[in-house]
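To start, the structure itself, in C-alpha cells.
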Amino acid sequence: MTQVDAEADLKRVLVSLAIISLVAVVAAAAAGCGGTAEPQGASGQKQAVADPSRTVTMNGRSVGELWMKHWGFVWDGPVSKEGYFLDYKALDADNIPSSFSGNVEGLVPGSVVFFKFCFADFDGSNLSQREHELEQVLATAKEKGLKLIVGNALPVRKQDGTPEIVSEERKFDAFLAAKAASVSDVWVYDMNSVLAGGDGFLKPEYASEDSHPNDAAFTALDVTFFPLLADVFAGKHGG
C-alpha cells in the first residue's frame with residue numbers, strides 16, 4: 001500500500017467515526033424529548049391533569065378567553081386554579097344555544113358548567129332574543145342534569161354604550177335571577193356588580209383599550225368566583 005493510499009484510508013476512517021458520533025448525539029437529543037415526558041403547553045407550561053369531579057367547563061367568547069389566559073390558559077388543556085380545573089369551550093356568536101349544547105355533550109350528570117353572554121350581545125333592543133337564548137341554555141342544562149352557573153350581563157365602557165344598553169342589561173339580570181330562583185341546579189354569578197359602576201358602565205379602572213375587561217378586572221372577579229364554585233360543588237345556594 002502506498003503512502004497516498006494509507007492516508008486516504010485514514011481519512012475514510014475519521015469521516016466514518018465523525019458520522020457515528022453525530023448520529024449518537026442526535027439520537028440522545030431525540031430521546032430527551034420522548035413520549036415519557038409529561039405533556040407540555042404551547043408556552044412550555046405543563047398541562048393540568050384534570051379531575052372530572054373538580055372540573056368546570058367554561059363556555060364563553062373573547063372575555064372568557066381573556067379570563068382563562070389570566071389563569072394561565074395556553075390553548076391545549078384545562079388550567080388548574082384554587083383547587084379547580086377550568087376547561088374552556090368557545091361559543092358560536094351566530095348560534096349560542098346550539099354551540100353550548102355541543103360544548104357540554106358527553107358530560108356526566110352533575111358536572112359543573114359556566115355560561116355567559118358577551119358584552120357585545122346586548123345592543124339595547126334585543127332583550128327578548130337573549131332571554132329566549134338563555135331559556136334554551138337552561139333547558140339543555142336541565143336535560144343533561146348539569147350544575148349551571150350563569151354570569152350576568154357584562155358592562156361596557158361609557159363611550160361604547162348607551163342608556164338603552166344599561167337598561168336592557170339590568171332587565172336581563174332581573175330575568176336571569178328570577179329564572180335561577182325557580183330551579184335547584186342553577187347559580188347566578190354577579191359579574192356586573194363587580195365590574196360596573198353606579199351608572200351601569202364598566203368601571204374605568206377595569207377598562208382596556210375597548211370594553212374587554214383588563215387583568216385587574218379578572219383579579220377582582222376571582223375574589224367572588226372561586227367561593228361561588230365551592231358552593232356550587234357542594235350544592236349550596238346563598239352561601
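General remarks:
- Close pairs from segment 141-154: first free of Cβ contacts under 8 Å to residues at least 24 places away in the same chain and closer than 13 Å to Thr57 by Cβ, partner of a type outside the set (Phe, Trp, Tyr) and buried (at least 21 other Cβ atoms within 10 Å of the Cβ), Cβ under 9 Å, at least 6 apart: none
- Residues of segment 87-101 classified as over 24 Å from Pro155 (Cβ atoms) and either in contact (Cβ under 8 Å) with a residue 40 or more places away in the chain or surrounded by 14 or more Cβ atoms within 10 Å (Cβ to Cβ) (or both), total: 3
- Among the residues of segment 182-195, those identified as within 24 Å of Val156 (Cα to Cα) and not in a loop (DSSP other than H, G, I, E, B) are Trp187, Val188, Tyr189, Met191, Asn192, Ser193, Val194, Leu195.
- Residue that is farthest from the chain's Cα centre (by Cα), among those in segment 144-168 that are of a type in the set (Asp, Glu) and over 19 Å from Ala217 (Cα atoms): Glu164
- Residue match in segment 146-155 (condition: out of contact with any Pro (no Cβ under 8 Å at 6 or more places or on another chain), surrounded by fewer than 21 Cβ atoms within 10 Å (Cβ to Cβ) and closer than 24 Å to Ser211 by Cα): no
- Of all residues in segment 153-181, those satisfying the criterion of being in a loop (DSSP other than H, G, I, E, B) and closer than 16 Å to Pro204 by Cβ are Leu154, Pro155, Val156, Arg157, Gly161.
- Residues of segment 103-119 classified as surrounded by 14 or more Cβ atoms within 10 Å (Cβ to Cβ) and either free of Cβ contacts under 8 Å to residues at least 60 places away in the same chain or of a type in the set (Asp, Glu) (or both), total: 9
- Residues that are closer than 15 Å to Thr140 by Cβ and not hydrophobic (A, V, I, L, M, F, W, C) within segment 78-109 comprise Lys89, Asp92, Asn95, Pro97, Ser98, Ser99, Ser101, Gly102, Asn103, Glu105, Gly106, Pro109, listed in sequence order.
- One residue alone among Lys158, Lys147 is in contact with a helix residue (DSSP H, G or I) (Cβ under 7 Å, 6 or more places away or on another chain) and in the same structural domain as Ser99 (by TED's automatic domain parsing), and that residue is Lys147.
- Test: residue in segment 156-169 that is of a type in the set (Asp, Glu) and buried (at least 18 other Cβ atoms within 10 Å of the Cβ): yes
The values are calculated or read from the model by the stated rules, or taken from the named source; none is laboratory data. Everything numeric in this text was worked out from a predicted model, so none of it was measured. Virtual Cβ from ideal backbone geometry, glycine too; neighbours counted across all protein chains shown.
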